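The structure appears right after this line, and notes come after that.
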Amino acid sequence: RDPKDRRRRRTSTARRRLVALAALALAALVLRAVAYLASWYPGDETIRASSESFLRLMFSRSGVSFGKTKSFAFSKEVTIDAGDSIKLTQKAAVVQGEISRRPRWRAGEEVNVTRHAELEWNADEKKSCFFRVHADAPAITFFDDGVTRVWRLRGLDELQLVRAGSQAKADFGNPVKTHGHKEEEGEGNDFGVDDLRCVYFRAASSDAWSRFRQSGRLPASLKTDASPVRPDPLSDDTLLLINSATTLDMLSEYHRPLLNHQAYAESNGYKYVLALVKPFLLAGRSGKFAKHLALGAHLAAALESDRQLKLFGSSNDSDSDSDSDSFSERDDSFAFSAACHVDLDAWFASWAPFGLYGAAWEKNKDVLFGDAGQIWLNTGLLCARPTEWAVTFEERVVNAVFSGADVLQDVVGVTEERETGKALASKKSQSSVWAYGFQRDQPAVWHVLATTWRLEAGVPYEAQGCGAWHRACNPVENPIECWHWCHWDALQRWRGWRGTLAEAVNALPRVALAPRHAAPSRDAFAFFGDSFGAEDASETPPPMHRMCLRSCASVLRRFFMGVCGALTGGSARC
């Protein structure tokens, strides 16, 4: 045979093999991309998945970055998600009230969380402060130290309210004081948080609620009328759940979540408190920080209660008098192993006890965050142990300063902050007689944590020295820009970066992050470990904490919905 023909055939065979290999590689890449799209979710979860992939791709409105190797800035910001901005069904029903555009207070005038706890503790020690969310109608009854008030939530028919008042009068001759609004006219209730005598309301038990409806007897004693408390069956801990609001209008859209929280607490034997924080207590801070004041106050009160128990012992060990009885009730209110604040727009997706998810929460970690699938640490579920550090942490968050300069006017002050990497002291700038706070609490929490991690673990966090700080870290809406350029980038450059957000956070001091995945009921410790796996879905409870993040099942499904809509002219079947 001709040698040229043999060489030609060999070349042709090699070319075919190369083409086949290339086709197989392309097919593998396509299948891998489809698999990614099928498991990624629109918005935050897509960003989370891409940032934890081998590319370490993080993107936001102003640019993209690949780990710590390369970053690209866009010429102008782009929209990365159809649900980018906060959408409200009702104007007043924001999770923590209206967000102040320029929260500020006089520099140096800090809120003392422990002092606030002492004042509330001493003032409320003999007060009767209870509440109950109605299961049969969207309403909440407040037992406000002798005054009974009903706050109507949206959806309660006016005629139903009148009938309820008439029935109450017929039952016990002491009609419930009802305050309603006409929803079609947008009118609110005729009392507000400033009219309430109490700040912290304890959930009344179902038995106390039944007695009240039958005989008109008001809940008055923590021992007999609060929801019964028992240790967690798995961890033997006592848990306190807290909701908070700065206006009663904030509760309007959240009847079902409030019922969910009340039922979860009562069924598991957890204490449950609704904190209605009067705005003046925040002293100029955004309403978003009410949760941290409430959580910090309870942690501080628990610490003080524990100190008194160690000094004087339980009042049950001695002859009781009026003072010791009062202390005993306060002791019961503040005796807990951990306190969790839950936002009004979050709910418990599993009735499993908290011990199933918190059993592996290491004792040397003061704070536990719930993982809702977002790229950042979300404060929708925030738990803390009553430790000195946790109280100080909450106080630092409440008093966190975004800038000591007027960002809109003081160019010199902003430049100095960027160069020094910290907020201006009051003597450095004419405008810094004011301390300007954060509009949202999440960037403030990240700032306090990252400052701690910089000192204790060497995370290269730049704070106000971050180039994007003054334009990105005090938004009224999505804070992804701040997380991308000032926090995620610093974590990427940290020598202890482990590849995923959960692994990195759990390797850092003070904080634990409970993954969004469910823990096998037979092994709670796998919830935090690398060995997690759900071999039998029937044995695996759903995640304890969920938030409404997904607009459809996956990016792939959204793609098919788009194709279907294009072909059918937007048919509802798509």
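The values are calculated or read from the model by the stated rules, or taken from the named source; none is laboratory data. Everything numeric here is computed off the predicted structure, so don't read it as measured data. Here the Cβ is made from the backbone with ideal geometry for all residues, glycine too, and neighbour counts use every protein chain on show. With ligands, DNA and RNA removed, areas are computed over all heavy atoms of the protein, side chains included. Shrake-Rupley method; radii C 1.70, N 1.55, O 1.52, S 1.80 Å.
Assorted remarks:
- If you go through the stretch 248-279 and pick out every residue that is in contact with a helix residue (DSSP H, G or I) (Cβ under 9 Å, 6 or more places away or on another chain), open to solvent by 10 Å² or more (accessible area, probe 1.4 Å), closer than 24 Å to Phe334 by Cβ and part of a helix (DSSP H, G or I), you end up with 2.
- Selection of first residues in the stretch 92-115 that are at positive phi and of second residues that are assigned to a loop (DSSP other than H, G, I, E, B) and at pLDDT 85 or above, restricted to Cβ pairs under 8 Å at least 6 apart or on distinct chains, gives the following pairs, ordered by first then second residue: Gly97/Thr246; Gly97/Thr247.
- The stretch 221-247: number of residues that are out of contact with any Cys (no Cβ under 9 Å at 6 or more places or on another chain) and surrounded by 17 or more Cβ atoms within 10 Å (Cβ to Cβ): 14
- Single residue of the stretch 206-228 satisfying the filter (touching an Asp or Glu at 6+ places or on another chain (Cβ under 6 Å) and either at pLDDT below 85 or part of a loop (DSSP other than H, G, I, E, B) (or both)) that is nearest to His116 (Cα to Cα): Leu222
- Under the condition of being at pLDDT below 80 and surrounded by fewer than 21 Cβ atoms within 10 Å (Cβ to Cβ), the residues counted in the stretch 357-368 number 2.
- Any hit, the stretch 316-339, residues being among the hydrophobic types (A, V, I, L, M, F, W, C), crowded, with 18+ Cβ neighbours inside 10 Å and modelled with pLDDT of 90 or more: yes
- Criterion applied to Asp232, Asp237 was being in a loop (DSSP other than H, G, I, E, B) and out of contact with any Gly (no Cβ under 6 Å at 6 or more places or on another chain), and the one residue passing it is Asp237.
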